[in-house]
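Here, each number is a calculation from the coordinates, and none is a lab measurement. Values in this document were obtained by computation on a predicted structure and should not be read as measured data. Cβ placement follows ideal geometry from the backbone for every residue including glycine, while neighbour counts extend to all protein chains displayed.
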Amino acid sequence: MEGMDLKDFMSFSADQSPSPVSTDELRSKLEESIRRILRARFPNDSVKAALDPSTRAGKLTIACPVCGDSKHNSREKRRTIHLDTMTTKCWNGGCPQSWMRMETFLEKFGELGNFTGSELTTIKRKSSEMTEGGRTQTAQTSSVSQVVGLGKYAIPRAEIMAELRLSEVDASYDARAYLKGRKQLSKDNRHFAWKQSTGDLHMFNLSQDREGVIGIQIRRANPKRGQRFFTMNYERIWKDLFGVENLDEDIKARVNRASLIYNILGVSYSDEIWVFESTIDSHHVRNSVATWGTGTRVYLPNGVYAFDNSAMDKAGRLAAVEMLGRGHRCFLWKRFTDEHPHLSDCKDFNDIFKRQEFTRDELRKFTGNDPLDSFWL
C-alpha cells in the first residue's frame, strides 16, 4: 500500500517573527493558486478547470489534479480543499495521493513559491494542528461518534449477494478450501462471500449488526482480468450495482471514507486498535481494522500499526517510519524476527499465523512508538 505524501514542509526559525497574515487575503490567494493549478492541469476542459459552483465558505470542491478525477463526467469533482484546516482530500478511490496537507499540495504543483514565509507558516500551523500525531483529541472524539453512527446507511448484505450472484463461503468447497489454507474459517463467515463462476473472494466491510455493507474488496482469482484486488467504496456500490448516483453529498463523503477501512464499525474505540494492510491479516488479531485502497491511512491515538515485513516491503517500511515519526506505535519486524528467526521469511502476518499463532499481547512486545525504533524495522 502506498502511503499518502505527508512530507513536512521546511521549518522556519523562531527568530523570523512572521508578520500577521490576513485570513481573507490568504484564502483569496489560495483560490488564485488553485485556479492556476486547474487551468494548467485541464487546459482543454473548462468545466474541470473551474471551481465547483456549489463551493461553500471554508471549503472548495475541485476536479482532482492528482488523479485527473472522472474520465466520463467533467462535472464529477471529488477533491475537497478544507481552508479551515489547510488539508485536502480526494474521494476518488483510485487517487494515488488522496490526502495531503495544503503545503504538500501546493509544492506538488509548483505554487509554493507564490507564498511568503509568513503565509506558509500559517498554512503549516493550521494543517499541523489537525494532523500532528494523528488528530487532535477533540477531532478524534468527534470522529469516533460520527463513525459509529454510519451503520444506519449500510446497504443490506442480502441485496448485494443477490445482485452479484454470490454464494456463502460455507456452501462452497472451493471457498472453504481457500480460506482454510489461510486459517480464515470461523463460526461466522459473513464478512466473506464467493463467486463460484470466477473463484473470486468478496470481503465485506460490515455494519455493527453484520447485516449491512458499506464497502467491498474483491480478490480476483485470475489477475489477468484486472488488478488482483479491486475495491468498491460506498458510492461505487450504489452506482455500479444499483444504478443510484444522486446520494446525499454529506452522507456520501462520510461513508466513502469509512468504507475503505475494513471493520471500522466493528471495533471498540475504548480498546487498543490494531491497523493492518490486509483484511486477511486483520482477522488474526482481535479489535483490528485493515486499510483498503492506495494511500488509505487512518490515524488513531490508540492505534498499533502493523505493516507488511519491512525487510521485504519498502512501502511498508516507509509507512512505518512515518507513523513512528508521528509518535504512533508500530510493529517492529526486526525485533520480532531476531527472537523468531524461523519466521524471518514471512512477508506478512498471515504468513506468520499459518506457521505459528500468537496472542495480541505476545505481538505487542515487539512494538514501539519512538522515532528511533525505526532501527528495528
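Some notes on this structure:
- For region 190-262 and region 280-320, distance of Cα centres in Å: 20
- Cα extents of region 248-312 along the three principal axes, largest first (Å): 43, 28, 21
- Antiparallel bridge percentage (DSSP; both residues within region 269-377; nearest 5): 20
- Region 267-377: C-alpha gyration tensor shape, a/c 1.5 cut-off, then a/b vs b/c: rounded
- In Hz, Karplus ³J(HN,Hα) per residue of region 335-345 (6.51, -1.76, 1.60; θ = phi - 60°; x = Gly, Pro): 5, 5, 6, 4, 8, 10, x, 6, 10, 5, 8
- Taking the chain, the Cys residues with no second Cys beta-carbon under 4.7 angstrom are 330, 346.
- Normalised size of region 133-264, defined as Cα radius of gyration per 2.2 N^0.38 Å with N residues, equals 1.13.
- With a cut-off of 12 Å between beta carbons, the residues surrounding residue 360 carry a summed charge of -2, where Lys and Arg count +1 and Asp and Glu -1.
- Among 292, 91, sorting on how many other beta-carbon atoms sit within 10 Å of each Cβ, with the fewest leading, yields 91, 292.
- Label selected from [x] 19.9, 57; [y] 20.5, 62; [z] 21.8, 70, the criterion being Rg and Dmax of the Cα atoms in Å as computed here: [z]
- Inter-label distance for residue 39 and residue 286, nm, one decimal - labels placed 7 Å from Cα along Cα-to-Cβ: 6.0
- Footprinting exposure proxy ranking of 334, 187, fewest other C-beta atoms within 10 angstrom first, gives 187, 334.
- Taking the number of Cβ atoms within 10 Å of each Cβ as an exposure proxy, the fewest-first ranking of 278, 172 is 172, 278.
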